[in-house]
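See below for the structure under consideration.
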Amino acid sequence: MSGYLRDVALLTRKDVLLELRARDAVPALLLFVVSALVVFHFALPADAAELAAKGMLWVAILFTALLGLGRAFQAERQQSMLDGLLLAPCDRSAIWLAKTLATIVFLGVAELVALPAFALFFSALDWETVAGIALANLGICAVGTLVAAMALASRARELLLPLLFLPLAIPIVVGGVGASVADDGGRYLGFLALYDAVFAIISWASFEYVVTE
Amino acid sequence: MWSRNNAVPALAAAAGLLVCASIALIFFWIPEDADQGISQKIFYFHVPIALTAYACFGWGALKAFLHLWRRPPGADLESYVAIHQGVIFGALTLITGSIWARASWGVWWAWSSEQLVLFLVLFLFYSAYFMLRFSVEPGPARANLCAVYALFGVVLIPISFLAIRLANDFIHPTVFTSQGPQMAGSMFFTFCVAWAAMLTLAAALYHIELAGKRLDVSLRELRERLA
């Protein structure tokens, strides 16, 4: 098992290192999420409730994640890098786990800027919202990475990813918005944790079939 | 002579008979609902169609699982056809549900109706399944992708159902509880006949479509061999 974890750590390190050197995903995500918040300010009427803004925060996070997921396999797309990875003597699910971890890191960095920006533009955030976002990141990236790998195999890559991903993400939005706006957020956090566990297990188990014949 | 070729017409005939029988029972035998009048009769179409759609999605996922596990030839096609039938019955569920909502609540769409919202989510999900299937070259890779996505579908059904239950708590503070009609014996019998009719109909359509698709595949293989 230590060999498995070492593979995951190495593959994650590769993705983070690529991002640190090329810097082509995270700055775009940051810019996108802040622009989206500004757009939402003008989309909401002046007397809109605080609750509506919190719903918008979840929309912003979901679409930022979608933008990041579209780029997740960018490096692998070029020069059949994915085939190279598949030839490496490691478990295929390690590739999925490493990609998921790297995507969580990128999305987390974007949120580190987006959440203070939201607090500045709209309203202060409570701990339930932050916990909900942390849990949602796991689910979004776990399912999203698998779906992005699926979309990669198709002709209509960029077009297909949102179509495949959004119906799967509806429960995340329900759990997240519930955690932010309901009086008893704990129930919704529990639901998000359940979603994460179920979909992480099925994605982990099925990734091999997505990338091999 | 009883051969495999007779099975599909027999199934289709059984489906036709059962559908006629259920229509006769629904409109001429069971009494009209005291509250909702004639509009309540759509219950005997809407619910059996919805349950049949679930059965189709479940069957498709089962075939998908078999494909990934044992790789029997044809499991991919069977999974696809089952999901195709599921989407057709799912669309019918949305239509009949919408008509029922109009008749009893005066609106064509009600977010408080958990069944309708769930079917909308599933309809979107499985429509994306077709988008995926038709934008990948046919072959073993496509069969794998579709099988994995179909498996995600059956996991999504209970999770979405739970999510919609939870969402109703903050979107509609007073949860709409559909008590449904108190099922008398005659109503339950009619409901069972209607459900059996829909399941047989789905099975007949499944086998007919499957036969057509298999014919397509063998025709293509023959053509490739000739070319």
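Results, tabulated for the structure shown:
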| read-out | value |
| --- | --- |
| Positive minus negative residues near A:I202 (Lys, Arg vs Asp, Glu; Cβ under 13 Å) | -2 |
| For residues of B:122-131, the mean tally of beta carbons on other chains within 10 Å | 4 |
| Rounded, prolate or oblate (a/c below 1.5 giving rounded, otherwise prolate when a/b exceeds b/c) for the protein assembly as shown by Cα gyration tensor | oblate |
| Partners for B:K213 among aspartates and glutamates (Cα-Cα distance below 15 Å; same-chain residues under 8 apart left out) | B:D76, B:E78, B:E221 |
| Cα-based helix-to-principal-axis angle, A:157-181 vs chain A, degrees rounded to 10 | 40 degrees |
| 222 nm mean residue ellipticity, helices alone, for chain A (DSSP H n ≥ 4; -39,500 (n - 2.57); rounded to 500) | -29000 deg cm²/dmol |
| Dipole axis of the stretch A:2-211 (+1 Lys, Arg; -1 Asp, Glu on Cβ), positive-most option in A:V198, A:Y4, A:A131 | A:Y4 |
| FRET efficiency estimate (nearest 0.05) - Cβ-Cβ, A:L120 to B:A227, R0 56 angstrom | 0.25 |
| Mean residue ellipticity (222 nm) of chain B, computed from DSSP H runs ≥ 4 via -39,500 (n - 2.57), nearest 500 | -27500 deg cm²/dmol |
| Inter-label distance for A:V16 and B:S39, nm, one decimal - labels placed 7 Å from Cα along Cα-to-Cβ | 5.9 nm |
| Summed side-chain charge close to B:A227 - residues other than B:A227 whose Cβ falls under 12 Å, Lys, Arg +1, Asp, Glu -1 | +1 |
| Dipole magnitude of the protein assembly as shown about its Cα centre (Cβ charges: Lys, Arg +1; Asp, Glu -1), debye to nearest 20 | 1260 debye |
| Crossing angle, helix B:4-24 versus chain B [Cα axis fit, 0-90 degrees, rounded to tens] | 10 degrees |
| In order through the stretch B:95-109: 3J(HN,Hα) via Karplus (6.51 cos²θ - 1.76 cosθ + 1.60), integer Hz, x for Gly, Pro | 5, 5, x, 5, 5, 5, 4, 5, 6, 9, 10, x, 10, 7, 9 |
| The stretch B:6-41 and the stretch A:127-158: distance between their alpha carbon centers, rounded to Å | 45 Å |
| Low-density loop positions, trypsin sites (Lys or Arg not before Pro), the stretch A:2-66 - DSSP coil, at most 10 other Cβ in 10 Å | A:R23 |
| Alpha-carbon centroid distance for the pair the stretch B:94-154 / the stretch A:3-20, whole angstrom | 37 Å |
| Along chain B, longest interval not containing exposed chymotrypsin sites (Phe, Trp or Tyr not before Pro), exposed being DSSP loop plus at most 13 other Cβ atoms within 10 Å | B:3-107 |
| Nearest 10 degrees, 0 to 90: helix A:50-70 Cα axis against chain A principal axis | 20 degrees |
| Charge context of A:V143, other residues only, Cβ under 14 angstrom, K/R +1, D/E -1 | 0 |
| Loop trypsin sites (Lys or Arg not before Pro), the stretch A:77-178 (other Cβ atoms within 10 Å of the site Cβ: 14 or fewer; DSSP) | A:R155 |
| Inter-part distance where the stretch A:160-213 and the stretch A:79-102 are each reduced to a Cα centre, Å | 22 Å |
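Every number here is computed from the coordinates shown, using simple stated rules; none is lab data. This structure is a prediction, so every number in the text was calculated from the model and none was measured. All Cβ positions, even for glycine, are placed from backbone atoms using ideal geometry, and neighbour counts span all protein chains on display.
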